[in-house]
1. I'd like the FRET efficiency for Val170 and Asp236, computed as 1/(1 + (r/R0)^6) with the beta carbon distance as r and R0 of 30 Å, rounded to 0.05.
2. Once you have the Kirkwood Rh of the stretch 152-238 from its Cα pairs, apply Stokes-Einstein at 37 °C and 0.692 mPa s and quote D in µm²/s.
3. Have a look at the DSSP beta bridges in the chain and tell me what percent are antiparallel, nearest 5.
4. So how tilted is helix 318-336 from the main axis of the chain? Cα-based, degrees 0 to 90, rounded to 10.
5. Suppose a student asked you for the relative contact order of the stretch 3-86, using Cα pairs under 8 Å spaced at least 6 residues apart; what percent would you report?
6. Report, in degrees rounded to the nearest 10, the 0 to 90 angle that the Cα long axis of helix 89-106 makes with the longest principal axis of the chain.
7. Just to confirm the filter: which chymotrypsin sites (Phe, Trp or Tyr not before Pro) across the stretch 120-165 are DSSP coil and have at most 15 other Cβ within 10 angstrom of their Cβ?
8. For the chain, state the semi-axes of the equivalent ellipsoid (square roots of 5 times the eigenvalues of the alpha-carbon gyration tensor), sorted largest first and rounded to whole angstrom.
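Derivation of every value follows stated rules applied to the coordinates shown; laboratory data play no part. These numbers come from a predicted model, not from an experiment. Positions of Cβ are generated from backbone atoms using ideal geometry, with glycine treated the same way; all protein chains shown enter the neighbour counts.
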Amino acid sequence: MKILHQVGHNKNWNLDAHFENDIGDGFIFCSYSLESEKVAQKYGIYKPEDYLDNSFFDSQFYGNKKSQGGKFETYDFHPALQKTPDSTDEDEINSIFEAINFQIRKGFKKIIIPFFAIDNKNFDNYKPLIEDVNNKLANSKKQGYEYFFTVAFDKGLIQDKEAIEKLLLVLTDNKITFDGYYIVCSTEIAYKKKISEDYDYYFNLSNVLKIIKQSDLKIILGFANWDSIIFSSVVDLDYVTIGSFENLRNFRLERFTEEASGGPSKGWYYSRVLLNVIKAESIKLFRIKKCLDEIKNIDNIFSDIILQEGYLWDNVKPDIHKNYMLAICQTLTELNKIKDIEERIKAALQMISKAKKVYESLNQQGIKLSYAESGDHLDIWESFLTAKYQSLIQK
């Protein structure tokens, strides 16, 4: 498994993290954050030849003609420019292949085929379009390139088992010429949390990933939160992404169809031990209670920096985000070294058990965390992984 940076507007953070700190294996650049003329250019000291071999480009057609915001209008092939309601399937296919050709011209060898977010209400409208893209690619596929078709689940689709089964029949058909899929998924983040507590999301998406892998197709799990720990525990993913800001870790269709901005924040501290984030404001309490060592990330220079007494927390400081990216990379790498799925699940369950014990210890020491910082998601993770483990050993 390789770890890719889901790159936003602070691309130098990701490039520095990779080249200076050995965080991650490559990059996914995107049209929302990067003007078309700036794609595959020199970024600071980094030349295209330094990063292109390990890079992808996401054209982000998720919102189709409703797309807005970001840099979309700098791409003459993007559906955001097609405001008339009378565009045809042929127009959409042409846009998709113009995006493919754009990536090839820019020097990308691993191609993300853009597609629109799929909802369960009109799934039948997407099926022939997916087949047409596949058939056209069969006649234009270039040797030496890999092609990953975008499958973007909206919240309704990932909850609809019948629609998922229909979609998987299309995606795993033996006539498919795609080399793999770039999977992104909208999900309901738990109230005031940064992570999902929706069991069906974990169950349904993991089954999608598993069936695709069983069909000898590759997978990029995009916009992955630290729930990637769970998905990579039960499926042999080929690529999984990490992101700095929350909008690069939680896929929301609305981000691509509505103008929106995040609220103010001093930042969050991600703890490998807790498998969760802690508010910047809570660090002072941990220091007063002399409990910082219980949640600190070891072998992490960014953790060392931001936990120093007197550190001025600010969400626009790269150290805060690099702490997260390094910590999650270390966890994913540790799990990926375990090739046997049963053993990998057991290792993930041990991490969860340890996190719950630390939460108990903190509570006993009078550390009262906010709802947002609580470890409620750990119970969902534990239940899900336990069920997966039992189903494997019973076979």
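1. Numbers: r = 22 Å, r/R0 = 0.75.
That pair, Val170 with Asp236, gives E of 0.85.
2. Working: Rh = 13.4 Å.
Answer from the Stokes-Einstein relation: 245 µm²/s.
3. On the way: 5 of 35 bridges.
Counting DSSP beta bridges with both partners in the chain, the antiparallel share is about 15 percent.
4. 80 degrees
5. 28 percent
6. Its long axis makes an angle of about 70 degrees.
7. Hits after loop and neighbour filter: Tyr145.
8. 35, 25, 19
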